[in-house]
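Structure first, commentary second.
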Amino acid sequence: MIRLPVLLSVLAFAAFPAAAQVEGAPSPQAAWTEMTGQGAEVRVAAGPGGCPEVKVDGQSMSMIMRAPASADFPAVCQLALPAGVGAVEVDGKPLPLPRPVKRIVIFGDTGCRIKNLAVQACNTPQAWPFPEVVRLAAAQKPDLVIHVGDYYYRETPCPLDIKACAGSPYGDHWATWQAEFFDPAAPLLSTAPWVFARGNHEVCGRGGRGWYMLLDAGATGRPCLNYTEPFAVRVGDLNLYVIDSGQSPDREHKPVDTAALANQLDALGAGLESGQGWIITHRPVWGLVPVARLGPADPFQVGLNFTEQDAVRGRALKGVQMIVSGHVHHFQAIDFGAARPAQLVVGTGGDIGEAADLPRIYGGDREIDGLDASTFSFSRFGYYVMDKDGEDWTGTFRDYTDQVRAQCRLHGRELKCEAPKRPKTVRPAG
């Protein structure tokens, strides 16, 4: 996201030793199930032997090469799964398959920031808790995981090899993606299929190469594009519309970018105007960013994203209940009532937040892009769990200590959140 430069006092953090490297060990490998516009797909970052065979309901099937091995990345392989598959194994290990979705885990902005003098203590769990967030989220046994973008943050070397980030890989290559995402995400990759959104950290010239090779839902072998085509994932009676906003300026009105977003909305067709659906996109359409604060007062916030607001203006979006995003590194729920889709922000997966933000709940009523809204915000690392409850979805935000910090309900387009209710203390008589 666009944020004020942050320099942490990384020298105060204790170092954790890096994992030992075994000489002659095979190349790293990861396997996961990804939801695309064509259904479920198995992806593998392959070992030195190339693409492995996949067992689908006990029958061996050959993967196709998505991207050949290079000096910077292993070979990446893929296999589209037919509907109704009962079991899939890669190297004897089962992979999760699509199932009726009653529970969804959501988070984003998960990487550990190392860019020039903006340094996060990647070796310290309290400073970069994404591995713990994953472990706790996996224990919730979700049926689906939604990552709202920004995986790649280690863009420059750890300065002076300070202990807080000593030994960290950097740059857009496999070792960085492995450290940033695939190793810490492994417990959840083996638990449920994922829907991946592209963030501004995965644009061309940043983490775009790794994004296209590994996670992009589109076809193989294409060049890096500023905007990729949208796609829809059917989840029971709910449609998830994934839109690429990684390149969309937050505070500028550029016709070329507005047109690119509008074209994605047009490509999704009539579904946006009927039924039930959520738009999944990295940058929030109606998010608020805390930019300044005086003492204990609530922070002063400014709105974004002007590009997306221009693109959706004049569209009823009657089939969209909610827009799910990250980019701002906190939890935020914005409710417009029935007039507009709710805006949910869960940029809480692990990267540092804004200095002006607050860990306590704050918010209230204000006008956003011409409509009255109710806002609910706080800054904590953690994850959001949504459970199907009849026609509604209930939501629980849990921080990286697994404490419940917010409870929400999505009813139609209304997203209402509150602090968790604490049990009353009953004093004994006398």
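The values are calculated or read from the model by the stated rules, or taken from the named source; none is laboratory data. For clarity, every value in this text was computed on a predicted model and none was experimentally measured. FYI the Cβ positions are ideal-geometry reconstructions off the backbone, even for glycines, and counts take in every protein chain you see. The protein model used for the area step is the full one, side chains on, heavy atoms only, and it has no ligands, DNA or RNA in it. Shrake-Rupley method; radii C 1.70, N 1.55, O 1.52, S 1.80 Å.
Please work out whether segment 160-205 counts as rounded, prolate or oblate from its C-alpha gyration tensor, where a ≥ b ≥ c are the square roots of the eigenvalues and a/c under 1.5 means rounded, while otherwise a/b larger than b/c means prolate and anything else oblate? Here segment 160-205 falls in the oblate category. Counting only aspartates and glutamates at least 8 places from K115 when in the same chain, those with an alpha carbon closer than 18 Å to its own are D150, E155, D161, D172, E180, E202, D351, E354.
In the full protein context, the chain carries 42 Å² of accessible surface per residue, based on a 1.4 Å probe and ignoring ligands, DNA and RNA.
For the chain, the calculated P(r), taken from all Cα-Cα distances in 20 Å bins from zero up to the bin holding the longest distance, is 26, 59, 14, 1 percent. Legend: translational diffusion of segment 323-430 by Stokes-Einstein, Rh = Kirkwood radius over C-alpha pairs, 37 °C, 0.692 mPa s; D = 222 µm²/s. Nonpolar atom fraction for the chain, defined as the carbon and sulfur part of the 1.4 Å probe accessible area, stands at 56 percent.
Using a/c under 1.5 as the rounded threshold, could you call segment 190-265 rounded, prolate or oblate? The axes a ≥ b ≥ c are square roots of the C-alpha gyration tensor eigenvalues, and prolate needs a/b larger than b/c, oblate otherwise.
Working: a/c = 1.98, a/b = 1.25, b/c = 1.58.
Judged from the Cα gyration tensor, segment 190-265 comes out oblate (a/c at least 1.5, b/c at or above a/b).
What FRET efficiency comes out for the pair K93/R360, r = Cβ-Cβ distance, R0 = 41 Å, nearest 0.05? Show your work: numbers first, answer last.
Numbers: r = 43 Å, r/R0 = 1.04.
With a Förster radius of 41 Å, E is 0.45.
The Cα-based radius of gyration of segment 22-142, divided by its Kirkwood radius, gives an Rg/Rh of 1.02.
Taken over the C-alpha atoms, segment 58-98 has Rg and Dmax values of 12.3, 38 angstrom. Taking a point 7 Å out from the Cα of A139 in the direction of its Cβ, the residues of segment 179-195 whose backbone N falls within less than 20 Å of it are 184-192.
Dipole magnitude for segment 133-188: computed about the Cα centre from +1 point charges on Lys and Arg Cβ and -1 point charges on Asp and Glu Cβ, it is near 240 debye. Semi-axis lengths, largest first, of the ellipsoid equivalent to segment 91-166 are 31, 13, 12 Å, with √(5λ) applied to each eigenvalue of the Cα gyration tensor.
Spin-label pair S70-D266: with each label point 7 Å from Cα along the Cα-Cβ axis, the two points sit 3.3 nm from one another. Note on segment 366-418 and segment 93-167: Cα centroid distance 21 Å, given to the nearest whole angstrom.
Across segment 145-175, the residues whose backbone nitrogen lies under 17 Å from the label position 7 Å along the beta-carbon direction of L117 are 156-162. With viscosity 1.002 mPa s and temperature 20 °C, the Kirkwood radius over alpha carbon pairs of segment 263-389 converts through Stokes-Einstein to a diffusion coefficient of 140 µm²/s.
List the pairs from K93/K163; K102/K416; K55/K141; K141/K416; K254/K318 whose alpha-carbon separation is above 28 Å, in the order I gave them. Too far apart for the 28 Å limit: K93/K163. With the simple model of a label 7 Å out from the Cα in the direction of the Cβ, R251 to H173 spans 3.6 nm. Here r is the Cβ-Cβ distance between L294 and E414 and R0 is 41 Å; the resulting FRET efficiency, rounded to 0.05, is 0.80. How many angstrom lie between the Cα centre of segment 171-211 and the Cα centre of segment 228-288? What the calculation gives is 21 Å, centre to centre. Both numbers refer to the Cα atoms of segment 77-116; Rg and Dmax are 16.0, 48 Å.
Where does segment 196-347 land on Rg(C-alpha)/(2.2 N^0.38 Å)?
With N residues counted in segment 196-347, Rg over 2.2 N^0.38 Å equals 1.06.
According to the Cα-based calculation, Rg over Rh for segment 63-212 is 0.98, with Rh computed by the Kirkwood formula.
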